[in-house]
Structure formats: C-alpha cells, structure tokens
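K.L.:
Let me begin by handing over the structure; questions about it come next.
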Amino acid sequence: MADLTKETFTEQIMQMHVLDTHTHLVGDRLCAADFWEIAHYFWLFREMQAAGYPGNAAELPEEERITAFLGAYKATRNTLMNIAFTHICQDLYGIEPKDRESVLALDAAIQQSSQQAGWAQSVADRMHARGFVVNIPEHADFQGMREPAILLPRIDGRIGEWTRTVAASSDPAKSFADIREALASLLDAYQAMGCRGIMTTLPRLALSANQPISLAPGCSRDEVMVQLLHEIGAGAAQRGMLVQLFLGVERSWCGTAVPANDPERILKLTALFERYACPFELVVASEINNLDIVQAAWNFPNVHVGGHWWFNFRSSTYRDSMQYRLEALPAIKSSLIVSDARCIEWSYGKIKVIKRLASEFLWQQIEAGWIEQETALQIGEDWLYRSAAKRYGLEA
C-alpha cells in the first residue's frame, strides 16, 4: 500500500466501522428529545457541576438555566466530555453553543431531528456504526434502524437477589440448588432468544474463585456470589455463551457510585477463566485494572478486554491501555468502544473522541517505527469493530 500522510491515515480511521459494546439506548426513543437531554448527560453534567453548574438546573427558569449552562460549559472546555459534547453540537447540528441564541437554536434543531423517522440511523451512519449492544430485552427493537440492537441481557439484579436469598436461608444448600435450576432456565431462555451471552456488574469480592466454599447456615454473601459465578461460568461454557463482566464501580462506600482501584480484583476471578471454556469479556472502570485485564487476556485465551467504562473514559487511560494492549495482545482480542450513551447523539460524540485518540496513538507508533501503516490500520479495525463483531457473532 502507498504511504499515507497523517491526515489521510486519520481519515481512514475515522471512516472505519465501529461496534458500540455497551449502551443504555432504548429502542423506541433512540434520539434526544431536546437540547437539555444531551446537555444534562450524567458525565457532562457532573463535570459542569464541578464548575458551579447547579444540581437543580432542570428546575430553573429557562433564561437562568441557559446563563448557568453557558458559564459552566465555557469553564469545562478542557474536559473530554465537553469536547465530545461540542462535537455533537457542531457535527450533527452545525451550531456551537456559545450564547443564548445558539442554545435556543440547538434546542430547536434537536427537537426537530427527534421527530425525523430516519434521524437515529443517519447518526449511526455518520459514525459508521454497525451495531449497538443493549442489556434490557425490551430495549433491543431499534425503531427506525436497519438492524435491532445486539442483546446481552444483564443479570446483576438476579445475582443480587439470589445472593441475598441464599445468605438469609436456614438451608443455604437447598436454596442454592433451587437457584441453580433457575439460572439454568434463564440461560436456556436467553439462548433461545438468540443472545450470544450475558452481562453483569460485580462488586468487590473478599474471596477468590479458587477458594473452597461450603454453603452452610451463616455463609456470607461473598461466598454465595463466588459460588454463583462458578455456576454462571459452567452454564455459559455448556451453552457456548459469552460472559461480559463490568468491574470497578462500587456503591457501598456512600450514596454515589465511585471508582475502586483494587489490585486483586482480576486475580480473584482467574480461577473462573482457567476452569470454564466460555469467552469472558472484561470491562473496567478503575484505572489500575486496565493493565490487569490485559495480563488476564495474555494468560487465558478465552479472556478478552473490552472498552472503557465510567471513570476510565479519559484520554490518559485510553493512551495507557492502548499501549498495554498493543504490546501484549493480538488486536482481535481487544475492543475499545463503550459509549454508555443514553441517546444516539452521545454515542456519536464519544465514538468520535475514541477514534481520534486511536488515530493519534497508532500514528505515533508508526512514526516511532514500531509498526507499519498496514498493521496500524488492521489494529484500528480490530479495536473499533472486528474484535467485538467476532465475539458477538456478527462476523465469523
């Protein structure tokens, strides 16, 4: 292939197909209804609160809210969420939010686009998205889109309920036997629906998966949960299903979800990876675990690394983790994209940022002489699309 310039290389990365491996999109309301639905997206809202934006902004009179928003928006122009938000406004609507008139114009444009039957598909096409993952069965019918969502049902609610039931039982072994049957039925039902796997979050565990456990009266919730994880691994392996684990966010320290760096988080799960032949995809929100999941994927052929979740959506963590992945893993074992978007517009904004970060990183590796341009483009395709597409059954 002819040598590319940095500009043409970047353009090729920006044109690559992507698969968004974790969203909160809802099939019958994919688009933002107005400006404030985009502007008050949790991550941007949290950063603007740090700049003085009031927590009750949605309750303010419109003029007061616009004034407060513009002040916080200008004060956070350095943050990655602000940059993604600005891409949404400029790329999709051709308007930069710089004054009252532009905010009102954006609001009108967004309300108008939300009424267009083909808007969600047009946004997906602009980011070259070939698929979106959702975790709620009722959300998977993407209205106005060419294809439904990829469904990986989340079972953390069931896991929490089952764990509490067994731990509180006077006969934990019998209760667990009943739950084992319920889990098997649930996995069978999801497989019959065509689901390629399941997804769950996990809290920090005090036990490791290689420790022997006896479910006697007075057993702890962690003991029950680890035993459940073994059942999930065995059941998924039997059915050839993927287990997608979301790790690193804790809700037990206070009323707000916080990132929890834990150097033993992945180590405690390795016995599962070793024992059960199902694919595991690890998605983390805690910075130090970015290296740990790469080490796990290097050690265990059935472990794959996923995109950046929650507090990991930062330029610095992307650059570090891309370096870890480049040096240790074939690119087909690694995915970059987790948008966590609640509307199609935020999926666009975050994917635009991720593609730019990937392009800059890979070009630097080319310039340093570590990889050839052809290899860099193959890595980009795997990271952005092909790795996830292979795991989720979109490609052989």
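The values are calculated or read from the model by the stated rules, or taken from the named source; none is laboratory data. Computed from a predicted structure; not experimentally measured. Here Cβ is always computed from backbone atoms with ideal geometry, including for glycine, and neighbour counts include all displayed protein chains. SASA here: full protein model, heavy atoms, side chains in, ligands and nucleic acids out. Shrake-Rupley method; radii C 1.70, N 1.55, O 1.52, S 1.80 Å.
K.L.:
What fraction, in whole percent, of alpha-carbon pairs in the range 266-357 exceed 15 Å separation?
P.N.:
Numbers: 2440 of 4186 pairs.
That tail contains 58 percent of the Cα-Cα pairs.
K.L.:
Can you list the HN-Hα couplings for the range 344-360, worked out from phi with the Karplus curve (6.51, -1.76, 1.60; θ = phi - 60°), rounded to whole Hz and with x for Gly and Pro?
P.N.:
Once θ is set to phi - 60°, the couplings for the range 344-360 become 4, 5, 6, 4, 4, x, 6, 5, 4, 5, 4, 5, 5, 4, 5, 4, 4 Hz.
K.L.:
Let me ask something else. Which residue, I150, I337, I88, has the most motion in a Gaussian network model of the chain that connects Cα atoms within less than 10 Å?
P.N.:
Highest fluctuation among the options: I88.
K.L.:
Could you give the longest part of the chain that holds none of the GluC sites (Glu not before Pro) found in DSSP loops with at most 16 neighbouring Cβ atoms within 10 Å?
P.N.:
1-263
K.L.:
Which number comes out as Rg/Rh for the range 30-116 once both Rg and the Kirkwood Rh are worked out on C-alpha atoms?
P.N.:
0.93
K.L.:
Given R₀ = 45 Å, what would the calculated FRET efficiency be for D178 paired with R314, taking r from the Cβ atoms and rounding to 0.05?
P.N.:
The computed FRET efficiency comes out at 0.55.
K.L.:
Hey, another quick one. Which one of A388, A167, A129 is farthest out on the positive end of the charge dipole of the range 129-392, using unit charges on Cβ (Lys, Arg +1; Asp, Glu -1) and the Cα centre as origin?
P.N.:
Going by the charge dipole, the pick is A129.
K.L.:
Still on this structure, please answer the following. Given the options M16, M193, M48, state which has the largest fluctuation in a GNM of the chain using a 10 Å cut-off (strictly under) for Cα springs.
P.N.:
Answer for the Gaussian network model of the chain: M193.
K.L.:
Of W119, W253, W346, which has the largest mean-square fluctuation in a 10 Å C-alpha GNM of the chain?
P.N.:
Per the Cα network of the chain with a 10 Å cutoff, W253 tops the list.
K.L.:
Kindly express, to the nearest 10 degrees and within the range 0 to 90, the angle between helix 172-192's C-alpha long axis and the longest C-alpha principal axis of the chain.
P.N.:
With both axes taken from Cα atoms, the answer is about 50 degrees.
K.L.:
Two decimals is fine: what is log10 I(q)/I(0) at q = 0.12, 0.16 Å⁻¹ for the range 129-392, from a Debye sum with one equal scatterer on every Cα and no solvent?
P.N.:
-0.75, -1.29
K.L.:
Ordering S114, S359 by how much accessible area each has at a 1.4 Å probe, largest first, what is the list?
P.N.:
Reading off the accessible areas and sorting them downward yields S114, S359.
K.L.:
OK, next. Mind listing the phi-derived Karplus ³J(HN,Hα) values for the range 72-79, rounded to whole Hz, using 6.51, -1.76 and 1.60 with θ = phi - 60°, and x for any glycine or proline?
P.N.:
Residue by residue, the range 72-79 yields 6, 4, 5, 6, 10, 4, 7, 7 Hz.
K.L.:
Taking all protein chains as present, what is the carbon and sulfur share of the accessible area of the chain, in % to the nearest whole number, probe 1.4 Å?
P.N.:
Carbon and sulfur together cover 49 percent of it.
K.L.:
Still on this structure: A 31 angstrom limit on the alpha carbon distance is what I want to check against. Which of K350/K390; K74/K390; K268/K355 exceed it?
P.N.:
Among K350/K390; K74/K390; K268/K355, the Cα-Cα distance tops 31 Å for K74/K390; K268/K355.
K.L.:
Please list, ordered by chain and number, the residues whose modelled amide H lies under 5 Å from the amide H of I371; skip anything fewer than 5 residues away on the same chain.
P.N.:
Answer set, sorted by chain and number: I366.
K.L.:
So what's the back-of-envelope 222 nm ellipticity for the chain, counting only DSSP H runs of four-plus at -39500 (n - 2.57) apiece and dividing by all residues, rounded to 500?
P.N.:
Computed ellipticity for the chain at 222 nm equals -15000 deg cm²/dmol.
K.L.:
Which cross-chain or sequence-distant (5 or more) residues have an amide H under 5 Å from the amide H of N210, H modelled 1.01 Å from N in plane?
P.N.:
A271
K.L.:
May I pose another question? Divide the volume of the convex hull of the Cα atoms of the range 115-175 by its number of residues and quote the answer in cubic angstrom per residue.
P.N.:
Here the figure is 107 Å³ per residue.
K.L.:
Residues with amide H under 5 Å of G197's amide H, sequence separation 5 or more or different chain, H placed in the peptide plane at 1.01 Å from N; which?
P.N.:
The list, which skips near neighbours in sequence, is L242.
K.L.:
Any idea how far the Cα center of the range 204-229 sits from the one of the range 135-177, in Å?
P.N.:
19
K.L.:
Compute the signed sum of charges (Lys and Arg +1, Asp and Glu -1) over the other residues within less than 10 Å, Cβ to Cβ, of E287.
P.N.:
0
K.L.:
Still on this structure, I have one more. Taking the Cβ of W43 as the center, what net charge do the other residues with Cβ under 11 Å away carry, scoring Lys and Arg +1 and Asp and Glu -1?
P.N.:
Details: positive: R46, R314, R342, K350; negative: E47, D340.
Residues close to W43 contribute a combined charge of +2.
K.L.:
Excluding ligands, DNA and RNA, what is the solvent-accessible area per residue of the chain at a probe of 1.4 Å, expressed in Å²?
P.N.:
Values: 17140 Å² over 396 residues.
Per-residue value: 43 Å².
K.L.:
From the phi of every residue in the range 317-333, what ³J(HN,Hα) in whole Hz does the Karplus formula 6.51 cos²θ - 1.76 cosθ + 1.60 yield, where θ is phi - 60° and glycine or proline is x?
P.N.:
Per residue, the Karplus-derived 3J(HN,Hα) values read 6, 4, 4, 5, 5, 5, 5, 4, 5, 4, 6, 10, 10, x, 4, 5, 9 Hz.
K.L.:
Just to verify a number: what accessible area does I110 come out at with the full protein assembly present, 1.4 Å probe, Å² rounded to tens?
P.N.:
Surface accessible to solvent at I110 totals approximately 0 Å².
K.L.:
Taking the simple approach of a point 7 Å from Cα along Cα-to-Cβ for both Q211 and I83, what is their distance in nm?
P.N.:
With each label point 7 Å from Cα toward Cβ, the separation is 4.2 nm.
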